[in-house]
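The values are calculated or read from the model by the stated rules, or taken from the named source; none is laboratory data. Bear in mind that the values here come from a model prediction, so they are computed numbers and not experimental data. Every residue, glycine among them, receives a Cβ derived from its backbone with ideal geometry; neighbour counts consider all protein chains shown.
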Amino acid sequence: MTIGYTRTMPVIVLAIVATLLIAALFVPARLRQRRRARWFNSVLPAAWTEVLETQVPLYRNLPAGLRAQLHGHMQILLKEKQFIGCNGLDVSDEMRAVITAQAALLLLNRKTDYFADFTSILVYPESFVVPVVHRDGALESHDEELRSGESWQRGPVVLSWMDIVHGTTLAGDGHNVVLHEFAHKLDEENGAMDGVPALRDDVSQQAWIDVLGREFDLLRLRARHVTDGVLDDYGASSPAEFFAVATEAFFERGAELSARHPRLYETLRGYYQLDPASW
């Protein structure tokens, strides 16, 4: 009996260790799923719904079924993201609602982990200045740029409240800093901010590269001579910025994008699983 017990001890210990490791990996994920399900199904305060109706034009255009889904995604983002006011700004519940509603548009109808790579959203009262380093071979120069938003890779999203308000006031102009910066967060989900988000398979990725790569090249050529009219010329600066700019146009100027850039629109429609041109 003693010999048999001794031989089985390592097996028992290994089984216990394996069980503990599995629990350590999967239990937190299960708990997170349950919390998210509870938050998703909670009721958005009526006052916040009124804020969305009056201050977020894209929300007014949403079909009823998508509105309910948006509310659920908002509840989770509001629980999991930390809002930090900068330069003396006090971030109100109204501001949180306006920002999360627009970020949640990018999550509708899709499996999502709610921008899991970051937790902090920094909000400035207005456009902010950032230091910029330019390098040309051995030469290095320092400058400053005025920005309305930033998305740091595996870091926070930075937003200007003044520019958020400007973007929602001029609905349909194709400029939306929240959509732009959170599109960058989708872009980096595959490990690099390169204009190619995480896609379901290699075929989808190649189709994405073919369509968006061609549209990016065309925008760069047009930007030298004339504005595109639908896509902001800023999208010509890099593939990552092109994806963010195209996302802004997709949600804010869907019908025009569909008419002027049908292949680009259809590619984005397949990715976002939405059809804003029909709203």
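The table for this structure:
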item: Single condition residue 36 does not satisfy, out of (1) part of a loop (DSSP other than H, G, I, E, B); (2) in contact with a Phe, Trp or Tyr (Cβ under 9 Å, 6 or more places away or on another chain); (3) not aliphatic (A, V, I, L, M); result: (1)
item: Matching entry among 165, 178 (being among the β-branched types (Val, Ile, Thr) and either outside any helix (DSSP H, G or I) or assigned by TED's automatic domain parsing to the domain that holds residue 106 (or both)); result: 165
item: Answer residue from region 209-225, given it is under 17 Å from residue 262 (Cβ atoms) and among the aliphatic types (A, V, I, L, M) and is surrounded by the most Cβ atoms within 10 Å (Cβ to Cβ) among those; result: 219
item: Hits in region 72-108 (condition: part of a helix (DSSP H, G or I), surrounded by fewer than 19 Cβ atoms within 10 Å (Cβ to Cβ) and in contact (Cβ under 8 Å) with a residue 40 or more places away in the chain); result: 79, 93, 94
item: Residues satisfying the stated conditions in region 181-208, i.e. more than 27 Å from residue 122 (Cβ to Cβ) and not in a helix (DSSP H, G or I); result: 199, 200, 201
item: Filtered residue count, region 248-279, keeping only those that are within 16 Å of residue 57 (Cα to Cα) and among the polar types (S, T, N, Q); result: 1
item: Hits in region 204-259 (condition: among the aromatic types (Phe, Trp, Tyr) and touching a residue at least 24 places away in the same chain (Cβ under 8 Å)); result: 208, 216, 242, 243, 250, 251
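Table: residues versus (1) under 19 Å from residue 99 (Cα atoms); (2) more than 19 Å from the chain's Cα centre (by Cα); (3) assigned by TED's automatic domain parsing to the domain that holds residue 276.
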{"site": "152", "(1), (2), (3)": "yes, no, no"}
{"site": "201", "(1), (2), (3)": "no, yes, yes"}
{"site": "218", "(1), (2), (3)": "no, yes, yes"}
{"site": "227", "(1), (2), (3)": "no, yes, yes"}
{"site": "236", "(1), (2), (3)": "no, yes, yes"}
{"site": "239", "(1), (2), (3)": "no, no, yes"}
{"site": "243", "(1), (2), (3)": "no, no, yes"}
{"site": "257", "(1), (2), (3)": "no, yes, yes"}
